[in-house]
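The values are calculated or read from the model by the stated rules, or taken from the named source; none is laboratory data. All values derive from a computational prediction rather than experimental measurement. Cβ atoms come from the backbone with ideal geometry, glycine included; neighbour counts cover every protein chain shown. Remember, those area values only see protein heavy atoms, side chains included, never the ligands or the DNA or RNA. Shrake-Rupley method; radii C 1.70, N 1.55, O 1.52, S 1.80 Å.
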Amino acid sequence: MAIAVLASLAAGVCFAVAGVMQQWVAAARPDAEALTARLLGRLARDPLWLCGIGLAVVAYGFQSLALAFGPLSLVQPLIVAELVFAVPLSARLYRLRLGWWEWSGTLAVAAGLALALLSARPHGGDPRAAGLLPWLLAVGAVAAVVCGALAAARVLSGPRRASATALAAGAVMGTQSVLLAATVDRLRHGLPTALAAWQTYALVAASVGGLLLIQSAFQQGPLAASMTVLDATEPVVAVAMGTLLFDETIRTGWPVSAATLTGLALVVAGIAALDTSPVIAASHGRR
């Protein structure tokens with residue numbers, strides 16, 4: 001268990017630093033490149049951004065190590081601690097000082113998400129349980145959320161714009177997690193089985209699309225406005241789809257459901273606090 005805790009915290013730190021490095025580079029790109037393949041092409045030429053991607057890979061390695069020694073219900077809430085490292089580090093990089101409002105928002109998101117995940121504690125399930133129709137309905141619902149979030153991003157500005165794009169990114173990455181679980185399950189039955197499944201190719205598309213959306217969110221606003229929404233949306237979408245498609249089970253009843261709802265309310269309140277913070281808004285574009 002000690003290895004799981006230490007590896008989870010190491011993953012959180014690596015994810016935090018990786019996010020700060022990527023956002024620092026993406027924020028310098030012009031607005032016209034948002035949501036275009038050109039953005040990824042330009043970012044891929046920057047050594048600092050590539051180091052951020054490499055550090056994210058290291059973080060996934062720590063996450064895998066943690067999952068080998070501990071349950072997901074322990075590992076995922078600890079990784080959420082990346083927010084406690086990322087937001088202050090980003091503020092330091094931009095030579096800004098966080099006040100109680102910004103600290104409260106950051107801690108509310110991290111604590112709320114950890115509380116929601118610990119109380120719900122999703123488990124079980126069969127990645128091959130759902131047929132094609134449930135998959136189409138679930139993916140269609142996610143596509144509607146993504147389109148709505150991107151439409152909102154077009155009329156918003158500042159941190160709220162970054163948050164809207166991050167909402168779309170989180171929805172795609174949550175779907176990517178579910179597609180990854182389905183693909184890994186099919187790989188256990190051999191490579192031909194995996195290659196014959198549409199989920200494998202949808203996984204590739206979701207991975208590329210999610211990367212583009214994440215970098216666009218980093219480009220459009222401060223890290224505190226994008227990473228918090230991304231970290232909150234991804235597990236919520238993954239748990240919801242896992243429950244619907246894989247028959248995963250989450251804990252319910254009093255007081256578990258009350259704790260879950262309280263955690264989600266803290267997340268929403270924390271994101272709202274960060275999106276309305278003049279300190280956070282001032283960090284975007286300041287080099």
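Rolling a 1.4 Å probe over the protein heavy atoms leaves ILE214 with an accessible area of roughly 30 Å². Model label sites at LEU137 and VAL58, defined 7 Å from Cα along the beta-carbon direction, differ in position by 4.5 nm. Label separation (SER104 vs HIS189): 5.3 nm, computed from points 7 Å beyond Cα along the C-beta direction.
Going by accessible surface with a 1.4 Å probe and the largest first, TRP254, TRP101, TRP135 read TRP254, TRP101, TRP135. Cβ under 10 Å from ALA225's Cβ, ALA225 left aside: what net charge do those residues give with Lys, Arg +1 and Asp, Glu -1? In short, +1.
Given a 1.4 Å probe and every protein chain left where it sits, what share in percent of the accessible area of the range 1-89 is carbon and sulfur? In the range 1-89, the share of accessible area belonging to carbon and sulfur is 73 percent. Counting heavy atoms of the protein chains alone, SER64 has an accessible area of about 70 Å² for a 1.4 Å probe. The 1.4 Å probe gives accessible areas that order THR36, THR183, THR252, THR276, largest first, as THR252, THR276, THR36, THR183. Ranked from largest to smallest solvent-accessible area, with a 1.4 Å probe on the protein heavy atoms, LEU74, LEU244 come out as LEU244, LEU74.
So what is the accessible area of the range 1-87 per residue, in Å², with the probe set to 1.4 Å? Don't skip to the answer; put the middle values down first.
Details: 3930 Å² over 87 residues.
That works out to 45 Å² for each residue.
With K and R counted +1 and D and E -1, the other residues having a Cβ less than 14 Å from that of ARG160 yield a net charge of +1. The label-point distance for VAL5 and ALA205, in a model that sets each label 7 Å from Cα toward Cβ, rounds to 4.4 nm.
Rolling a 1.4 Å probe across the protein heavy atoms gives the range 132-253 an accessible surface of 42 Å² per residue.
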